[in-house]
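*Asks:* Below is a structure I'd like to ask you about.
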Amino acid sequence: MLIPLLQAAQDSYGYIPQLAMEQIAEVTGIPVAEIYGVITFYKQFRLKPLGKHLIRLCKGTACHVLGANLIAQTVADELQVAADETTGDGLFTFTVVACLGCCSLAPVLMIDEQTYGRLTPQKVRKVLRQYRQDAARSPVKAPAEEAAAAESQRA
Amino acid sequence: MQEVLVGLGSCGIAAGGQKVFDRFSEILDSRKDDTVLKKTGCIGMCYREVLVEVVDRDGRKTLYFDVSPDKVDRIVEEHVRQGKTIAEWIVDPRESMAKQKRIVLRNCGVIDPASLDEYLGRDGYKALEKVLTGMTPAQVVELIADSGLRGRGGAGFPTGTKWRLAAAAKNSHKYIICNADEGDPGAFMDRSVLESDPHSVLEGMAIAAYAIGADHGYIYCRAEYPQAVRRLRHAIGQATEKGFLGSNIMGKGQNLHLNLKEGAGAFVCGEETALIASIEGRRGMPRVRPPFPAESGLWGRPTCINNVETLANIPWIILKGADAFKAYGTAGSKGTKVFALAGKVKRGGLVEVPMGMTINEVINDIGGGTTEGGPFKAVQMGGPSGGCIPSMLGNTPIDYEQITATGAIMGSGGMVVMDESTCMVDVARFFLSFTQNESCGKCTFCRIGTKRMLEILERICAGQGEEADIAKLSELGEQIKSSSLCGLGQTAPNPVLTTLRYFLHEYEAHIKHRKCPAKSCLALVDFVINPETCNGCGLCTKTCESGAITGEKKKPHRIDLSKCIKCAKCLTVCRQGAIEKR
């Protein structure tokens, strides 16, 4: 049962570190190469740690028709980050997903568990700047930074 | 007793429903108010979320729309406590419900999905009891076959035939699988059913298991639907505890052990052999059929795979009979179909209509027409496997064969409305980029062919199309359709082929005149500043990387088109809406 193991690993680390892959290989007898093949086949799995906030931008059909491209471009411009990347300060990871299923609120994006709907480029910039400001006031270490620190300790 | 129901499907939650619910629970006072506060699932009128229904002691129902936490106080004070309805906040559900027929969605937005008792109160598990006490498995199969129910996942294979094949297979173990891997962008029917009425799907599975002789089952649900996963897990626990699932169901000796399996994000896993591979823990890649899953499926055992909506129909058909179901629909398509109506339509949401209703009726009578009020240009049905049906074919009835004849497919139920501001070439490019990304890579034509098609479409949208491109797209499309193993590849070119068929002039405008008639492809439009609305704040000048925007402070600015690189950044920073596309 490889996929549930990978899901469990990702649940506890936020991504799948190489160490976890090796341990799963040891327990199951499935070669690491094959595990890597399964990981990269499914979109859910990540090989890199996440930023503090996960932005999921919906690119479903309804969102697309209502201007999701411009929203994506605005996020990328505002954060200076490409899709599937994490900002330099570890604050945001920006991903594009197929459909969040709240088509009547399109265009939509989610930051962590919070949904923002009926977006305009201006509204997106405002929301993102608010997160930046909040983060500046209460600097908390992002999981990405923590993971990096932990990795370097292990090494 | 009075009831207050808050719609908490994913849409309702996204619109802020949880905060509304919390506010109600804060101020409703158990000493003062004889009122029960309840959560319910998707009411279906997504365009009016957050929805709150107040059911008075005499059974009178009042539906409030666009409820925010600050409106809650007045609803409690005036309606709950004084019995005075607030006319200006009331929405008449008939505005979109009048022409609908709810079979699959019979309990959605009516019951609390977390309450088994409420499901039982609406004839829940009565159908299961009926088949276990008074019908043989063969009788169940024949009843479903007689009803004319066809697979609601998209392809429309007759459910009775599927069950007959699985029932005929000889093996000591068989599996029933519920395909809840709803991956079409723009479709959320199955999610709403799972979130709002999970027991109807479980009951359908238990009946299917009895009919085909399965003792184990899986629900393969998208991991992107956390709410559905939670509610399913809860419902499975309840049903097992009460003896509707598990060993010796209702004391009749029938067993069904259900597992919930979360998908990991791969569109191709909606294909049945890929889904099976994924449950087995492998890369979800389709394989050649035969053998069909009914013969050799999960772990090599006979397996029957049905879609969520198909299964939710089953208890209703068993209780009301095949004739009641057949009363709705056309010669070849019986019953109802649920659609996720979205895009440029006034009243988007979840709708269930009898088969045979025309596309025009769905969009205009139920959806209220387009957002801007003009005519719709096209409607996209069937997601990435479907196609764009132009408004001139708006009288096409909802029927498997007739929709297929337009070049689209019935599909799982996504219905995205498009108007004059939607570029059809861009829509084709959008779907192709989706399927190209989701192709599992097994078949060469699907893997490389979709990539080549996408490159051509991207070139056309960027204003670099060539005259030969149209012929190339058709040729590649036909080749991919005929040379791919599974449904993904066989249908991937549909969005391109249907737009070529009905909107060839838009392709030609892009290629020959370097113009995008919908003003959607950025490379083919000119950006200008409207001097009437520009207040000269200078934000655009600061953002413009090519130095194309000039102007004095507090005076209208202008864009030098010879320098403009059409990046649209000015458009995204302007707070006045002064940047226009021409």
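*Asks:* Look through B:Glu3, B:Glu77 and report the one residue that is out of contact with any helix residue (DSSP H, G or I) (no Cβ under 7 Å at 6 or more places or on another chain) and touching a residue at least 12 places away in the same chain (Cβ under 8 Å).
*Replies:* Going through B:Glu3, B:Glu77 in turn, just one is out of contact with any helix residue (DSSP H, G or I) (no Cβ under 7 Å at 6 or more places or on another chain) and touching a residue at least 12 places away in the same chain (Cβ under 8 Å): B:Glu3.
*Asks:* I would also like to ask the following. Of the residues that make up region B:426-438, is at least one in a helix (DSSP H, G or I), open to solvent by less than 40 Å² (accessible area, probe 1.4 Å), more than 29 Å from A:Phe41 (Cβ to Cβ) and in contact with a His (Cβ under 6 Å, 6 or more places away or on another chain)?
*Replies:* no
*Asks:* Output the residues belonging to region A:51-71 that are of a type in the set (Gly, Ala, Ser) and either under 14 Å from the mean Cα position of the chain (by Cα) or part of a strand (DSSP E or B) (or both).
*Replies:* A:Gly51, the sole residue that qualifies.
*Asks:* Between A:Ile16, A:Ile24, which is more than 9 Å from every other protein chain (Cβ to nearest Cβ), outside any helix (DSSP H, G or I) and more than 12 Å from the chain's Cα centre (by Cα)?
*Replies:* Selected residue: A:Ile16, the only one of A:Ile16, A:Ile24 that is more than 9 Å from every other protein chain (Cβ to nearest Cβ), outside any helix (DSSP H, G or I) and more than 12 Å from the chain's Cα centre (by Cα).
*Asks:* Here's something else I'd like to know. Hey, could you check region B:336-355 for residues that are farther than 17 Å from B:Ile43 by Cα and away from chain A (no Cβ under 14 Å) and say which is most open to solvent (accessible area, probe 1.4 Å)?
*Replies:* If we take residues in region B:336-355 being farther than 17 Å from B:Ile43 by Cα and away from chain A (no Cβ under 14 Å), then B:Pro354 is most open to solvent (accessible area, probe 1.4 Å).
*Asks:* Something else about it: Are any residues in region B:546-570 within 14 Å of chain A (Cβ to nearest Cβ) and closer than 10 Å to B:Ile529 by Cβ, and if so, which ones?
*Replies:* Within region B:546-570, just B:Cys570 meets the criteria.
*Asks:* Test B:Arg60 against the stated conditions and say whether it is surrounded by fewer than 21 Cβ atoms within 10 Å (Cβ to Cβ), of a type outside the set (Phe, Trp, Tyr), more than 14 Å from chain A (Cβ to nearest Cβ) and within 30 Å of B:Arg233 (Cα to Cα).
*Replies:* So B:Arg60 fails the test.
*Asks:* Follow-up. Which of the residues spanning region A:14-36 are of a type in the set (Gly, Ala, Ser) and surrounded by 13 or more Cβ atoms within 10 Å (Cβ to Cβ)?
*Replies:* Listed by number, the residues that qualify are A:Gly14, A:Ala20, A:Ala25.
*Asks:* Could you grab me the full set of residues in region B:149-179 that are at pLDDT 95 or above, of a type in the set (Gly, Ala, Ser) and open to solvent by less than 10 Å² (accessible area, probe 1.4 Å)?
*Replies:* B:Gly160, B:Ala166, listed by residue number.
*Asks:* Checking the conditions here, which among B:Gly281, B:Gly243, B:Gly265 is within 14 Å of chain A (Cβ to nearest Cβ), over 22 Å from the mean Cα position of the chain (by Cα) and outside any helix (DSSP H, G or I)?
*Replies:* On inspection, the qualifying residue turns out to be B:Gly281.
*Asks:* A further question follows. Search region B:408-422 for residues being in a loop (DSSP other than H, G, I, E, B) and either surrounded by 20 or more Cβ atoms within 10 Å (Cβ to Cβ) or among the aromatic types (Phe, Trp, Tyr) (or both), and hand back the single one that is nearest to the other protein chains (Cβ to nearest Cβ).
*Replies:* Restricting to residues being in a loop (DSSP other than H, G, I, E, B) and either surrounded by 20 or more Cβ atoms within 10 Å (Cβ to Cβ) or among the aromatic types (Phe, Trp, Tyr) (or both), the top hit is B:Thr422.
*Asks:* Among the listed residues B:Asp184, B:Asp190, which satisfies the condition of being in contact with a Ser or Thr (Cβ under 6 Å, 6 or more places away or on another chain), among the charged types (D, E, K, R) and either assigned to a helix (DSSP H, G or I) or within 14 Å of another protein chain (Cβ to nearest Cβ) (or both)?
*Replies:* Exactly one residue qualifies, and that residue is B:Asp184.
*Asks:* Let me ask you something else. Is it the case that B:Gly382 is surrounded by fewer than 22 Cβ atoms within 10 Å (Cβ to Cβ), at positive phi and touching a residue at least 40 places away in the same chain (Cβ under 8 Å)?
*Replies:* No: the conditions fail for B:Gly382.
*Asks:* Also: Take the residues of region A:44-60 that are out of contact with any Leu (no Cβ under 8 Å at 6 or more places or on another chain) and crowded, with 19+ Cβ neighbours inside 10 Å: which is nearest to the other protein chains (Cβ to nearest Cβ)?
*Replies:* Here the answer is A:Lys59.
*Asks:* Do we find that A:Glu78 is over 15 Å from A:Met110 (Cβ atoms), away from every other protein chain (no Cβ under 11 Å) and open to solvent by 20 Å² or more (accessible area, probe 1.4 Å) in this structure?
*Replies:* When the stated conditions are applied, A:Glu78 does not pass them.
*Asks:* Which numbered condition in (1) surrounded by 21 or more Cβ atoms within 10 Å (Cβ to Cβ); (2) touching a Ser or Thr at 6+ places or on another chain (Cβ under 9 Å) is the only one that B:Ser200 fails?
*Replies:* (2)
*Asks:* Kindly provide the set of residues from region B:82-101 that are more than 14 Å from B:Gly348 (Cα to Cα), in a loop (DSSP other than H, G, I, E, B) and open to solvent by 40 Å² or more (accessible area, probe 1.4 Å), ordered by number.
*Replies:* If the condition is that a residue be more than 14 Å from B:Gly348 (Cα to Cα), in a loop (DSSP other than H, G, I, E, B) and open to solvent by 40 Å² or more (accessible area, probe 1.4 Å), then B:Gln82, B:Gly83, B:Lys84, B:Thr85, B:Asp92, B:Ala98, B:Lys99, B:Lys101 are the ones that fit.
*Asks:* Give the residue that is most open to solvent (accessible area, probe 1.4 Å), with candidates limited to residues of region B:44-57 that are of a type outside the set (A, V, I, L, M, F, W, C), more than 17 Å from A:Gly117 (Cα to Cα) and in contact with a Ser or Thr (Cβ under 8 Å, 6 or more places away or on another chain).
*Replies:* Filtering region B:44-57 for residues that are of a type outside the set (A, V, I, L, M, F, W, C), more than 17 Å from A:Gly117 (Cα to Cα) and in contact with a Ser or Thr (Cβ under 8 Å, 6 or more places away or on another chain), the one most open to solvent (accessible area, probe 1.4 Å) comes out as B:Glu53.
Yes or no, residue by residue, for (1) surrounded by fewer than 24 Cβ atoms within 10 Å (Cβ to Cβ); (2) in contact with a helix residue (DSSP H, G or I) (Cβ under 9 Å, 6 or more places away or on another chain); (3) outside any strand (DSSP E or B); (4) more than 14 Å from chain A (Cβ to nearest Cβ):
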| residue | (1), (2), (3), (4) |
| --- | --- |
| B:Ala211 | no, yes, yes, yes |
| B:Ala228 | no, yes, yes, no |
| B:Ile236 | yes, yes, yes, yes |
| B:Ala239 | no, yes, yes, yes |
| B:Asn248 | yes, no, no, yes |
| B:Lys252 | yes, yes, yes, yes |
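The values are calculated or read from the model by the stated rules, or taken from the named source; none is laboratory data. Predicted model, so just to flag it, every value in this text is computed and none were measured. All Cβ positions, glycine included, derive from the backbone under ideal geometry; neighbour counts span all protein chains shown. All accessible areas refer to the heavy atoms of the entire protein, side chains included, with ligands and DNA or RNA removed. Shrake-Rupley method; radii C 1.70, N 1.55, O 1.52, S 1.80 Å.
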